[in-house]
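We did not get these values from a lab; they are worked out from the coordinates using the rules stated. These numbers come from a predicted model, not from an experiment. So basically every Cβ, Gly included, is an ideal-geometry build from the backbone, and we count neighbours across all protein chains shown.
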Amino acid sequence: MVDDLYQEIILDHTKHPRNCHAMADATRSAEGYNPLCGDKLKLFIKIEGDVVKDASFVGSGCAISTASASLMTESLKGKTREEALKLLDKFHDLLTTDTPVSKDLGKLVVFCGVRDYPARVKCATLAWHTLKTALNGTAETVTTE
Amino acid sequence: MSTVRNEIAAGFDVQKVREDFPVLKQTIHGMPLVYLDSAATAQKPFAVIDAIRKFHEVDCANIHRGVHELSQRSTAAYEETRSKARRFLNARYKNELIFVRGTTEGINLVASSWGRHNVKAGDEIVISAMEHHSNIVPWQMLCEEQGAKLRVIPMNGRGELILEEYEKLLNPRTRMVAVAHVSNALGTINPVRQIIEMAHQAGALALIDGAQAAPHMKVDVQALDADFYAVSGHKIMGPTGIGILYGKTALLNAMPPYQGGGDMIKTVTFEKTTYADLPYKFEAGTPNIAGGIGLGAAFDYLNHLGLDQIAAYEHELLLYGTEALLQIPGLRLIGTAREKAAVLSFVIEGIHPHDIGTVLDRQGIAVRTGHHCAQPVMDWFHVPATTRASLAFYNTAAEIDALAAGLKKVKEIFS
């Protein structure tokens, strides 16, 4: 019934979020806020040269936003800034359009069910909006509104 | 539990009442719709739907000043709603009822028109900790503009206002006390009669946000001695975009218009405009005529069912729902006031309200999740959001059972 949304991988990352901690030696960080849900997220990334060496997050949110942040931080490691921004676009397309699923998304395809739940798209994209701010180096809190 | 169900069934023919609401007869995601979001907006009976349809099909014309038949019919129907509103709220005079878009506009009208002319630097406005944003922000804006101070009546852990603290807030600088009759986020029924009396003793006026009270209980603005009382049509089974602001004649007469335009004037020249008398002074522009006529039908419908019968049935339903939810491990009710309307706001440990809302929706159950436009209430209870099941007289004990079963499914998924 709701299994198309809450797939096993999503539930696993909700219950056991990966990279869920602050990062003392982060080179960039940004905060995201979804006023609709009250979801709050702080993202940390460590960039060396042009490559994301590490990524982590802290915050409180729903299952979708927590799993999204968890899976995003996993998928960012080793990516260049440009690759990360491309991935963001592909992830956004996955949630909001009917375009064929890109292979580059890897595990992130588990969020394809979100497109049938328009009210929840913002939950899945909160971490990614925050990533964009962090990569662009602007400091203010981003909101999904 | 079965005894409670029988008692509920005995006093009020809910199945017959449900026949009046076409929207309830549908399935959502293959399951019968269980609508538990009436505090956000109530569903509409045929009586209201038909009245709006008849207006558009048969009587449609602009109101006031038209000499033709259709205009006279629509004017009569629209103005008849004002008379019905007078009886519904037991106001003394018909001209004390102002048509507005809803409670929010009613409060803004008072904050703007009365506030700007009566609130000065150093004055104080008192609201409460459980207000909807619509009874916070207009006063905050007024205070910022005038250099006045906003003060807040605190509440206890059950979600009840602490009247001893309220008394301490009152002083000769207090100009207005603006409080909800019933809290939308918690369901608390506030002792507004006492709150108003205390305000008056301090020389202040009192505005009551009646959005959540009017659908559930008899309101008597004279018995309450309210200076202003605002309601929304769509919460009392009427259409959206129409509401009523009650104000005492002397206060309304002394207030300047809220908006300028057609219908609110006596004479207009480029040198000087004189304003219409009450209530038209506050009703600039073509109003929501269809909405007003639909609201009239809603008043008739509620009177036909009887507000006392509605209140008694909903109270039984609230007791039944409270008992059912408290049996769910890890569930905490937010708002457990001793005097409470049929609102069940809750959190479940470790599960975000939006996930609860989505899983319930897939079972056909409509609840509201989030901060319910009452962020200070959420902050007070240290929760980011709650899930809120708000009941109306068309809900049944079986629907409460469906909610409880739905929540068990939620727990299975996320545990």
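The charge dipole of chain B, taken about its Cα centre with unit charges on the Cβ atoms of Lys, Arg (+1), Asp and Glu (-1) only, comes to about 360 debye. Exposure proxy shown here: for B:Lys84, A:Lys107, the number of other Cβ atoms within 10 Å sets the order, fewest to most, as A:Lys107, B:Lys84. Straight-distance candidates among the aspartates and glutamates for linking to B:Lys44, with alpha-carbon spacing under 12 Å and chain neighbours fewer than 8 residues away dropped: B:Glu19, B:Asp20. Summary value for chain B: 22 percent relative contact order, contacts being C-alpha pairs under 8 angstrom separated by 6+ residues. The per residue volume of the convex hull around the alpha-carbon atoms of chain A is 100 Å³.
Size of the protein assembly as shown: Rg and Dmax of its alpha carbons, in Å, are 26.3, 80. Across all directions, the shadow cast by the convex hull of the stretch B:294-415 built on its C-alpha atoms averages 8.5 square nanometres. Ranked by how many other Cβ atoms sit within 10 Å of their own Cβ, fewest first, the residues B:Asp300, A:Asp50, A:Asp39, B:Asp123 fall in the order A:Asp50, B:Asp300, B:Asp123, A:Asp39.
Fewest to most neighbouring Cβ within 10 Å: what's the order for B:Phe414, A:Phe44?
Values: B:Phe414 18, A:Phe44 22.
Arranged by neighbour count, lowest to highest, B:Phe414, A:Phe44 become B:Phe414, A:Phe44.
So, with +1 on the Cβ of K and R and -1 on the Cβ of D and E, and no other charges, what is the size of the charge dipole of the protein assembly as shown about its Cα centre, to the nearest 20 debye?
380 debye
About its Cα centre, how strong a charge dipole does chain A have in debye, to the nearest 20, once Lys and Arg get +1 and Asp and Glu get -1 at the Cβ?
Details: 18 positive and 20 negative charges, 51 e Å.
The dipole of chain A has a size of about 240 debye.
Find the relative contact order for the stretch B:57-206 and round it to a whole percent, using C-alpha pairs within less than 8 Å whose residues are 6+ positions apart.
17 percent
Between the residues B:Ala185, A:Ala30, B:Ile400, the greatest Cα displacement towards the positive end of the dipole of the protein assembly as shown, with unit charges on the Cβ of Lys, Arg, Asp and Glu, is found for A:Ala30.
For the residues of B:355-366, the average number of beta carbons from a partner chain within 10 Å of their own beta carbon is 4.
Between B:Glu167 and A:Asn136, the FRET efficiency from the beta-carbon distance, with R0 = 41 Å, is close to 0.20.
In the stretch A:8-135, taking the dipole from charged Cβ atoms about the Cα centre, the farthest positive-side position among A:Ile10, A:Ser75, A:Cys20 is held by A:Cys20.
Remark: relative contact order (chain A) = 30 percent; criterion is Cα-Cα distance under 8 angstrom and separation of 6 or more residues. Return the percentage of antiparallel bridges among DSSP beta bridges fully within the protein assembly as shown, rounded to the nearest 5 %. Roughly 70 percent of the beta bridges in the protein assembly as shown run antiparallel, per DSSP. Annotation: amide H of B:Ile28 within the under-5 Å range of B:Leu33, sequence separation 5 or more or interchain, hydrogens built in the peptide plane. For B:Ala39, the residues whose amide H sits under 5 Å from its own are B:Ser390, ignoring neighbours fewer than 5 places away on the same chain, with H placed 1.01 Å from N.
Peptides B:208-221, A:74-87, B:389-402 ranked from most to least packed, by the mean per-residue count of other Cβ atoms within 10 Å: B:208-221, B:389-402, A:74-87. Taken as entire DSSP H runs, the helices of chain B that both span 27 Å or more between Cα atoms along their own long axis and average -0.5 or more on the Kyte-Doolittle scale are B:307-326.
For the pairs A:Lys107/B:Lys409; A:Lys40/B:Lys411; B:Lys120/B:Lys272; A:Lys86/A:Lys122; A:Lys46/B:Lys408, flag any whose C-alpha to C-alpha distance is greater than 30 Å.
A:Lys46/B:Lys408
Net charge near A:Ser102: determine it from the other residues with C-beta under 11 Å of the C-beta of A:Ser102, scoring Lys and Arg +1 and Asp and Glu -1. List each step's numbers first, then the result.
Numbers: positive: A:Lys86, A:Lys90, A:Lys103; negative: A:Asp89, A:Asp93, A:Asp104.
Residues near A:Ser102 contribute 0 overall.
Projecting the Cα atoms of B:Ala111, B:Tyr166, B:Ala230 onto the charge dipole of chain B, computed from C-beta unit charges around the Cα centre, puts B:Ala111 farthest toward the positive end.
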